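The values are calculated or read from the model by the stated rules, or taken from the named source; none is laboratory data. Not measured: the values here are computed from a predicted model. Every residue, glycine among them, receives a Cβ derived from its backbone with ideal geometry; neighbour counts consider all protein chains shown.
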Amino acid sequence: MNERTTLEVIAPTVEEAIQQGLSQLGLSADQVSVEVLDSGSKGLFGLGGRQVRVLLTVGAPQESASIPDPKPATTKSADSKPKQRESKPRAEKKPVAEPSNNKNSEPLAHDSIIDTTENIVSKLIHHMGLKAQVSAHYDEDSTDDRRVIQVDVRGDDLSALIGRHAETLVAFQHVASLIVGKQTEHYVQLIVDVEGYRARREKQIRQLANRMADQVTKTGKKVTMEPMPSSERRLVHIELRGHPAVSTESTGEEPYRKVVILPKE
């Protein structure tokens, strides 16, 4: 074999890459030098990660062989590890974290999911280049089978997170819900609000619906409102549901579906 033979290996970790390379070359760690070409990345929440790339060069001088042998003699450390594990009272912690009473364990499970939600939403906002404070809490209608979490985002200049007609906020909310669900292995529905935007928007939609209803009552002609997401269309239907002079219906295809306000016959 050529004295300067090289081998490039791609693997999830540096240690695995070295071990694979040594196995292919049939050599030990002190017979090669190792150069990490790419240390890889875990990606965002485990998505879109990149594996490491390692270059092994055969015939390296002894002083460069500072990479630990992936197959070291571990007799002493292996003997000592069980003693350390036995000394840690792990078994005593389980009754505290997982009590037999379901009511007592409920707050712990909720706390864990809330913490995960706040962490994920904060990281997503950071990756958007924004700064904000995030707090989350369970909606009062949440159950074990259907967890609804209200997420409040506060900060300066967060209009980019809302977008036109809250399109960005809706997409952000959907992505965050998927990631939280994957991380916690529970179905989770997030309702993300930015600086009280949802409350303000709800008030505007209700006021607009009543103004349009007054216009229909006076003219006797139907009025078609601007395209809205389903949550806002629902607000209009609910607001005018008991109106004595008008009725409502939705028309069109998403994302351009609209509410039509018609005079009652």
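For Val148, indicate whether it is at pLDDT below 90, within 17 Å of the chain's Cα centre (by Cα) and under 30 Å from Glu254 (Cα atoms).
yes
Kindly indicate whether any position in segment 248-263 is over 21 Å from Val134 (Cβ atoms) and of a type in the set (Phe, Trp, Tyr).
Within segment 248-263, one or more residues are over 21 Å from Val134 (Cβ atoms) and of a type in the set (Phe, Trp, Tyr).
Which one is modelled with the lowest pLDDT among residues in segment 107-125 that are farther than 13 Å from Gln183 by Cβ and either surrounded by 12 or more Cβ atoms within 10 Å (Cβ to Cβ) or not assigned by TED's automatic domain parsing to the domain that holds Ser142 (or both)?
That would be Leu108.
I'm told Val259 meets every condition in (1) part of a helix (DSSP H, G or I); (2) surrounded by 18 or more Cβ atoms within 10 Å (Cβ to Cβ); (3) of a type outside the set (Lys, Arg) except one. Can you identify the failing condition by its number?
(1) is the only condition that Val259 fails.
Just to be sure I understand, how many residues within segment 190-205 are touching a helix residue (DSSP H, G or I) at 6+ places or on another chain (Cβ under 9 Å) and surrounded by fewer than 16 Cβ atoms within 10 Å (Cβ to Cβ)?
Adding up the residues that qualify gives 2.
Can you pull out every residue in segment 165-183 that is surrounded by 18 or more Cβ atoms within 10 Å (Cβ to Cβ) and touching a helix residue (DSSP H, G or I) at 6+ places or on another chain (Cβ under 8 Å)?
Ala166, Leu169, Phe172, Ala176, Ile179, Val180, listed by residue number.
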